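The values are calculated or read from the model by the stated rules, or taken from the named source; none is laboratory data. Model, not experiment: these values are computed from the prediction. Note that each Cβ is placed from the backbone with ideal geometry, even for glycine, and that neighbours are counted across all protein chains shown. For the accessible areas, the whole protein counts, side chains as well, though only heavy atoms, and no ligand, DNA or RNA atoms are used. Shrake-Rupley method; radii C 1.70, N 1.55, O 1.52, S 1.80 Å.
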Amino acid sequence: MTRRPGFPARIDLGSGTPVARPPANSSATAPAAGASPARTRTGFVSENTLPGGIGLDSGAVRHRMVMKLAAQGITDPRLLAALGAVERHRFVDTALVNQAYEDTSLPIGLGQTISKPNVVARMIELLLGGQREPSGRLGRVLEIGTGCGYQAAVLGQVCGEVYSIERLRGLHDKARDNLRPFRLANVHLLFGDGMKGFAKGAPYAGIIAAAGGEAVPQAWIDQLAIGGRLVAPTRMQDGRQALVVLEKTARELKQTVLEAVHFVPLKSGIA
Ligand code: SAH
């Protein structure tokens, strides 16, 4: 019998049961033909292909991470399910696999870093505060700074469509390799300068930046839908970087400045 992780996936935070584990008899790297969309999006991959260290129980380790995030104040059940389902250890170098579920940022190559799980979770939760589709998902989302592709994979579970753009060819290629086994049909990776946004996919219900700039580029504001939300680390007048949330209505752009953060710089052009 095949157990399907329905969406929103049920989370039992008290039982110690790993979230969204593959069925015991699942060994394929690709979902079976006719698999439900929810199963396809989760992108289960055989545990025996793990690079090492995490072993057979990565679901349990992720479950502990999710419980910690819930204790830290992340409440959206769909987001918690997504964080429990996406195998973070597949996005970091083999030598760092053992730290993949710790609350720490990690190097991903070319001087860039993957954010701590609680920063990823916090930003996506802020993004999800905006208008949702009847399905409960956020609609089309633009991510600036694909990096290793981890956040794009999580977004793919909670948004209808994800466009993720990266300016470094090496990381764009790496993210493509990392995401391939997950077969996320709704996650689109783009190579280019994200400061210009991606006009072809606009308007976006949400825009999320994984790199911090001096100001929010006008292109992002233009490409945000009415009722949409933008979450971006941005430099403040005192020189520190803080999380900024912009909410666009027909009449105004409401800005909220939240906690201090430390993101890699938003740069223009490609390399
Ligand atoms: N979300 C990523 C985090 C990547 S770190 C993850 O889950 O791994 C931020 C990334 O933003 C870096 O890879 C950096 O190259 C990229 N970046 C910086 N400026 C950019 C720009 N203008 N357009 C696209 N990507 C940019």
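Summary of computed values
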quantity: Length gained when the stretch residue 169-residue 255 is fully extended (0.36 nm per residue, less Cα-Cα span); calculated: 27.7 nm
quantity: Per residue value of the accessible surface for the stretch 39-260 (all protein chains in place, 1.4 Å probe), Å²; calculated: 40
quantity: Charge dipole (debye, nearest 20) of the stretch 141-271; +1 at Cβ of Lys and Arg, -1 at Cβ of Asp and Glu; calculated: 200
quantity: For the stretch 39-260, share of DSSP beta bridges that run antiparallel, in % to the nearest 5; calculated: 45
quantity: Extreme residue, positive dipole direction of the stretch 176-271, given options 201, 269, 246 (C-beta unit charges); calculated: 201
quantity: Reach of residue 174 by Cα under 26 Å, taken over lysines that are not fewer than 8 positions away in the same chain; calculated: 116, 196, 200, 267
quantity: Carbon and sulfur %, accessible surface of the stretch 117-271 computed with the full protein complex present, 1.4 Å; calculated: 51
quantity: Cα-only radius of gyration and Dmax that characterise the stretch 39-260, units Å; calculated: 16.6, 54
quantity: Cut-off under 5 Å, modelled amide H: who pairs with residue 108 long-range; calculated: 113, 114
